[in-house]
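Here is the structure we will look at.
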Amino acid sequence: MRGKMQGVPMYQIREVDSCDDDIADTLVDLHRQTFLDRAPLPDFDAGHWWIACEHSAPLAFAGLIPSTIGAHTGYLCRVGVIREHHGRGLQSRLMRAAEWRARRNGWSCVVSDTTDNIFSANNFIRGGYRLFQPPSPWGWANTLYWRKLIEPAICSDQ
């Protein structure tokens, strides 16, 4: 049973170089499929980006950039999963990948936001995020802001 365990898809998540034109095109395509016209295209040249694939077919992505609300804080700016793969834990796995990178960057906090998305809000709660009020809210009146304190990784290769 290679590739699937009892009917559960096997996904591969990898951090990608968003400066590569093909990767950038894939990120743009995934963004359009997942966010439609509800969110502006992010700057894919900034930060860290991941793509999740099943059998080399891209179906989800995430992005983490330095936050403007404080030092040592990352902003989980996007997590998108195409509809056919909703409910399979991909958003949570991408969030954990971003948290791992934030730790490696020496950051102690990850923030994000959701607007009118109960499923994502529940994933943030399950992932240990807590609601908070940023000093300068950047979203809509009904946007929820999330924060998770993390322990930065201790690098032994210095």
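A short reminder: the numbers here are calculations on the coordinates, not readings from a lab. No experiment lies behind these values; they were computed from the predicted model shown. Please note: Cβ atoms are built from the backbone with ideal geometry, for glycine as well, and neighbour counts cover all protein chains shown.
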Taking the highest mean first, how do the peptides 35-46, 109-120 order by number of other beta carbon atoms within 10 angstrom per residue?
109-120, 35-46
Applying the Karplus parametrisation 6.51 cos²θ - 1.76 cosθ + 1.60 with θ = phi - 60° to the phi angles of the range 74-91, what ³J(HN,Hα) value in whole Hz is obtained for each residue in order, glycine and proline being reported as x?
x, 10, 6, 7, 7, 9, x, 10, 5, 3, 5, 10, 5, x, 10, x, 5, 4
Under the classification rounded if a/c is under 1.5, otherwise prolate if a/b is larger than b/c and oblate if not, where does the range 8-65 fall, given a ≥ b ≥ c as square roots of the Cα gyration tensor eigenvalues?
oblate
Calc'd 3J(HN,Hα), the range 58-70, phi into Karplus 6.51 cos²θ - 1.76 cosθ + 1.60 (θ = phi - 60°), Hz, glycine/Pro = x, comes to x, 9, 7, 8, 8, x, 10, 10, x, 7, 8, 8, x
Cα-based shape type of the range 65-158, given that a ≥ b ≥ c are square roots of the gyration tensor eigenvalues and the cut on a/c is 1.5:
oblate
Ignoring everything except DSSP H segments at least 4 long, calculate the 222 nm mean residue ellipticity for the chain; use -39,500 (n - 2.57) per segment, divide by total residues, nearest 500.
-8000 deg cm²/dmol
Provide the per-residue ³J(HN,Hα) series for the range 131-145, in order, calculated from phi with Karplus coefficients 6.51, -1.76, 1.60 and θ = phi - 60°, each as a whole number of Hz, with x at glycine and proline positions.
5, 8, 10, x, x, 10, x, 10, x, 8, 4, 9, 6, 9, 10
Over the range 4-149, what number does the Rg to Rh ratio reach, with both radii from the alpha-carbon atoms and Rh per Kirkwood?
0.94
